[in-house]
Amino acid sequence: MMITSLTNQKVKDLCRLHQRKYRKETYLLYDQKMIDKALEYGLVKMLIKKEGSKFEYKDEIIVSCDVMAKISEGKDITEVAECYIKKDVIKKADRLILLDDLADPQNIGMIIDTARIFGFDGVILSENSADIYNEKCLEAAGTSFFDMKIVRQDLDMTIKDLKDQGLKVLATGLYNETKDLYDTKVPDRYAIIMGNEGHGIKERYYMMADEVIKIPMANIDSLNVAVAASIVMEWYTNSAHQSLAHQR
């Protein structure tokens with residue numbers, strides 16, 4: 001049986017997932033590669049298929065073209081997946097990225113993707129950071145969204161716990177005794193804090209950090225936080241590899 005009514009209750013429930021306040025247990029995915037990855041991880045609750053789609057899934061509903069257009073907000077696609085919210089846990093890690101109240105979901109997605117590329121163990125967001133299930137975040141993160149552990153929790157407690165576990169906490173920005181990135185040594189285990197796009201890192205996190213680092217720049221005052229994060233992650237990753245090569 002195909003759903004053709006735009007006022008069908010299931011259609012209404014799915015459309016509510018366009019808003020963050022309704023994304024408590026599930027969210028929507030539109031990209032086919034992302035859907036395939038979600039299927040791989042067993043996170044697809046239901047597949048919504050446009051009439052004529054040949055893809056088959058155990059839990060699926062078929063909808064008319066008009067209904068699909070409403071659910072997908074006008075996208076030219078044949079499937080939408082309703083997926084379960086991830087339940088990631090980071091118990092032990094050697095390299096982490098901490099995000100302090102990032103407001104732009106696209107920046108968060110880009111950082112998630114870069115963290116996976118450079119082999120970081122996870123991304124921890126402050127409780128006031130933007131929604132990772134926002135479409136812009138999902139698009140920017142790509143399939144790294146599923147391969148990377150991502151958690152949202154209180155950063156004050158997180159920083160204290162990480163230091164107790166032996167990780168060095170590195171804050172990025174301008175503060176007392178800030179060191180140039182390229183003059184710093186790579187700790188064996190560390191967490192890098194990246195700050196809000198407009199306000200940077202909270203002062204108390206600078207004070208809690210073991211070291212404060214900055215990216216030396218010429219002719220500009222600041223960098224996009226996702227770009228800055230990629231530079232820092234690349235530097236520490238490559239420096240660690242070079243150090244290992246010299247030891248051998």
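Readers should treat all values here as calculations from the given coordinates under stated rules, not as data from a laboratory. Worth saying up front: this structure is predicted, and the values here are computed from it rather than measured. Neighbour counts run over all protein chains shown; Cβ positions are idealised from the backbone, glycine included.
Of the GluC sites (Glu not before Pro) found in region 94-197, those that fall in a DSSP loop while having at most 16 other beta-carbon atoms within 10 Å are Glu127, Glu177, Glu197. Centre-to-centre, using Cα atoms only, region 46-92 and region 148-207 are separated by 38 Å. Annotation: extensible slack from Ser53 through Gln153 equals 32.0 nm (criterion: 0.36 nm per residue apart, minus Cα-Cα distance). Taking every DSSP helix (H) stretch of at least 4 residues in the chain, weighting each as -39,500 (n - 2.57) and dividing the sum by the residue count yields a mean residue ellipticity at 222 nm of -10000 deg cm²/dmol.
For the Cα trace of region 2-84, dividing Rg by the Kirkwood Rh returns an Rg/Rh value of 0.92. Structural descriptor for the chain: relative contact order 17 percent, calculated from alpha carbon pairs under 8 angstrom and at least 6 residues apart.
Over the chain, the reciprocal of the mean inverse Cα-Cα separation, the Kirkwood hydrodynamic radius, stands at 19.7 Å.
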